[in-house]
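Let me begin by presenting the structure, written as structure tokens, before commenting on it.
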Amino acid sequence: MGSLLQLITQQALIQHKTGQKSYSISWKDFFKNKHVHELFFLMIPAILSSGLLQITSLTDLYFSSFVPGAAAALTYAHLLAMAPMGILSSIIVLPVVPIFARHVERCSWVSLKESLLKIILLSMVVSLPITCAICVLARPLANLVFQRFAFDSAASAFVSSLLVCYSISSPFWIMREVFAAVFYSLGEGNWLFLINLTAIFLNGILDWLSINVLHFGAQGLALSTSCITSLSSLALLFLLSKKICGMEYIKEVINPLLRLLPYCIFSGFITMISYKLLHLFLSSILILRFRLAELFSILFAGFLGISAFYLPLLLLPLPETKFVNDTLNTLINRKQFIRF
């Protein structure tokens, strides 16, 4: 129902923006119109790829039956980890799909490469500090959202450990969505289908190894999913580097990610210290007892930690942070972001 309402709302907004009236398509057009054939040729692999991603999570749930309480904990942790990533994906990925399609239509491969690199850097700059904050505040988040009645402190600790395991691959998850948008713009959704099919197979192998050989438990299942997400993202990046001439994926994508890791560590440290101090102070205020002190501590600590990631990049005149400053300026200047 939510998807149907979203479709109707988008259709109404498109008609309002463009001033076009609604129109109907005859069933004969589905068999005669070549543009409809091209659309379905692109959509069918996309639908199958989306379904395969759901099957990957079901693979974890199958192996979770070997660990008591793991199925529920994996579900809770996966929801917490994917909520911010789904929002970021809608904000970052969806607006740039027409940009990629426009470059492909004009065969402007240099512009496509430049836009892709900017979006990748933007994804890193936005997702990395949020990932750090979630990993550091995993236990307080689980306590605030879930801990009540039968969901005790042991269950919160279990879910928080799984949340960390899922969240570490969040930047790669966003980048995989960006790469998928490029492949759809190129009209080559079959590669995504093959990558996702391979990911299911590898995820099943890693899940089996985590449970039966390495005995990592539920944390091993979550780490397996994170590893497969990262590997599939890198595989798509490697394929794109072969299709887009002049793109050196290691130098232009992996190196910036490595440069940002020290800022992630600093951001995580500030988040941890801020939470401990804020929680100690706010919990002593009578009016903020119960969950309000926990809520405000998480919000303010997350804000301070994320700010600690950006401030050094903006204030320190370091040569290696120039690309981040340019990306942040692009993000702040919305008109420039839309044009590039």
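Per residue of the chain, what 222 nm ellipticity follows from adding -39500 (n - 2.57) for every DSSP H run with n ≥ 4, rounded to the nearest 500?
-26500 deg cm²/dmol
Could you give me the ³J(HN,Hα) list for the range 201-217, computed from phi with Karplus coefficients 6.51, -1.76, 1.60 and θ = phi - 60°, whole Hz, x at Gly and Pro?
Ordered by residue, 3J(HN,Hα) equals 4, 5, 5, x, 5, 5, 4, 5, 5, 5, 8, 8, 10, 7, 6, 7, x Hz.
Test of understanding: what is the full-extension gain from Leu79 to Ser57, defined as 0.36 nm times their sequence separation minus their Cα-Cα distance? It would help to have the intermediate numbers written out before the result.
Working: separation 22, 0.36 × 22 = 7.92 nm, distance 1.14 nm.
Computed gain between Leu79 and Ser57 is 6.8 nm.
Using alpha carbon coordinates only, what is the Rg to Rh ratio of the chain, with Rh defined as the Kirkwood radius?
1.00
Find how much the distance from Ile44 to Ser283 grows on full extension, using 0.36 nm per residue of separation minus their present alpha carbon separation; answer in nm with one decimal.
Here the answer is 80.7 nm.
At 7 Å along the Cα-to-beta-carbon direction for both Glu188 and His35, put a label point, then send me their distance in nm to one decimal.
2.5 nm
Please compute the modelled spin-label separation between Cys245 and Ser65, points set 7 Å along Cα→Cβ, answer in nm with one decimal.
Label at Ser65, label at Cys245, 5.4 nm between them.
Could you derive backbone 3J(HN,Hα) for the range 155-165 from the dihedral phi with the Karplus parameters 6.51, -1.76 and 1.60 (θ = phi - 60°), listing whole Hz in sequence and x where the residue is Gly or Pro?
So the Karplus estimates, Gly and Pro as x, are 5, 5, 5, 5, 5, 5, 5, 5, 4, 5, 5 Hz.
Where the eigenvalues come from the Cα gyration tensor of the range 112-191, what are the semi-axes √(5λ) of the equivalent ellipsoid, largest first, in whole Å?
With the √(5λ) rule applied to the range 112-191, the semi-axes are 35, 14, 8 Å.
Just Ile87, Ile200, Ile14 to compare: in a GNM of the chain, with alpha carbon springs under 10 Å, which one fluctuates most?
The residue that fluctuates most here is Ile14.
So between Met1 and Leu258, what do we pick up on full extension, going 0.36 nm a residue minus the alpha carbon distance?
Values: separation 257, 0.36 × 257 = 92.52 nm, distance 4.20 nm.
Here the segment from Met1 to Leu258 would lengthen by 88.3 nm.
Quick one: how many lysine pairs does the chain have with C-alpha atoms less than 23 Å apart and a gap of 8 or more or different chains? Give me the count, please.
16
Collect residues whose amide H, placed 1.01 Å from N in the peptide plane, falls under 5 Å from the amide H of Ser169; neighbours closer than 5 in sequence don't count.
Counting only residues 5 or more places away or on other chains, the set is empty.
Using a ≥ b ≥ c from the Cα gyration tensor of the range 164-264 (square roots of the eigenvalues), is it rounded, prolate or oblate, where a/c under 1.5 gives rounded and otherwise the larger of a/b and b/c decides, a/b for prolate?
On the way: a/c = 2.57, a/b = 1.41, b/c = 1.83.
It comes out oblate by the Cα gyration axes.
Each value in this text was obtained by applying a stated rule to the coordinates, not by laboratory testing. This structure is a prediction, so every number in the text was calculated from the model and none was measured. A quick note on method: Cβ atoms are made from the backbone with ideal geometry, for glycine too, and the neighbour counts reach across all protein chains shown.
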